[in-house]
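Quick note: the coordinates plus some simple rules give every number you see, no bench work behind them. Here the structure is a predicted model, which means the values were calculated and not measured. Backbone-built Cβ (ideal geometry, glycine too); neighbour counts: all protein chains shown.
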Amino acid sequence: MSAARAIRALTPPDIAARKGRTPLVCLTAYTTPIAQLVDAHCDVVLVGDSVGMVLHGLPSTLGVTLEMMILHGQAVRRGLERALMVVDMPFGSYEESPGQAFDNAARVMAQTGCAAVKLEGGESMAATIRFLAARGVPVMAHVGLTPQAVNALGGYRVQGRGDDADRIQRDAVAVAEAGAFAVVLEKTPEALALRITQEIAIPTIGIGASPACDGQILVVDDMLGLFGAFLPKFVKRYAELGEAASAAVSAYSQDVRERRFPAAEHVFGDEPKT
Ligand code: KIV
C-alpha cells in the first residue's frame, strides 16, 4: 500500500463549521495553473463570473454564459485537491424560477465536478436557495453589492449605508435561513458587516466589507497585479506581476530585434552535442 495519503477536499459543511473560528481564505481562479498555485493556501476557490471581465475583456459580468463557467470550472477542477470549489451561476441562468436554477446548477455540478454554486441576491432569491439546498445543491449566497445588478444599482457602489443597512441585513438573514452554507458580503460598511456576521449562523465572506467578516475573498488577478482595467479601492496588491510580465516581454522583444535570442544554449540546450 502506498504511504502517500490522499488529501481530503473541504466540503460545504466544513466551510459552514468555520463560523466564528479561523478566518476563511478564499480566492478566485479560472485556469488550471492558478488553481494549482492557490489550492494549498485557500479554503474556498471560486470560479467567479468575474472571469468575463478579467480574462475575456467584457465590460461587466452580464455577458458571461453558462458554457464559459463550465469550461473554466473544468480547468480549475483539474488544479484543485484540497480547497472547496464553488462555481458562479451567471446572469440569466437562475433568476427566472427555482426549476431553472436547479437545472442549470445541476449541469454545472455534473460537468465541472464543483461541490457548490454561488448566486447573487438576498430576499428575492431565498425561495430558490431553499429549493436548491433541499435537492443536494449547496449554495453560497452573495449580498450587498451584487455586480450582476450593476445597472439596477447605478454602478459598483457601496451598499447598506444609512437607512439602506436594514435591507442588506434582511437579505443576509433571508439567505442564511433559506439554507445557504456561506454568504459573500460585498462592499458594505464595517458596522453593517459586523452586525450581520454576529447575527447570522453561517460564515460571512467579505470583499470590501472589513475584517469583521468570517473570511475574505479577492479576485486573484487583482491581488497579483495582473488585472489593471478596474481596481476597486479595497484591493491590496500583494504582487505586481503585470509589471514584471511587461518588463519580461520588453526584454524578449529587445533580444529578438537585436538578434541576441535564441543564443546557442537556447537552441541546443537539452540535446546531446554531436
Ligand atoms: O465573480 C467573482 O469573482 C465574485 C467574487 C469576487 C466575490 O463574485
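Here the alpha carbons of the chain define both size measures, Rg and Dmax, at 20.9, 79 Å. For the chain, hydrophobic long helices are taken as DSSP H runs at least 15 Å long by C-alpha position along their axis with mean Kyte-Doolittle hydropathy of -1.0 or more; these are 66-77, 98-112, 165-178, 241-257. Here the chain is scanned for GluC sites (Glu not before Pro) in DSSP loops (not H, G, I, E, B) that have at most 11 other Cβ atoms within 10 Å, and the longest stretch holding none of them is 97-257. Measuring r between the beta carbons of residue 170 and residue 8 and using R0 = 22 Å, the FRET efficiency lands at 0.05. Extending 7 Å from Cα along the Cβ direction at residue 96 and again at residue 157 yields two label points whose distance is 3.1 nm. Beta bridges from DSSP with both residues in the chain: antiparallel share about 5 percent, rounded to the nearest 5. The phi torsions of the stretch 145-158, fed into the Karplus equation with coefficients 6.51, -1.76 and 1.60 and a -60° offset, translate into couplings of 6, 10, x, 5, 9, 4, 5, 5, 7, x, x, 8, 9, 4 Hz, rounded to whole numbers, with Gly and Pro shown as x.
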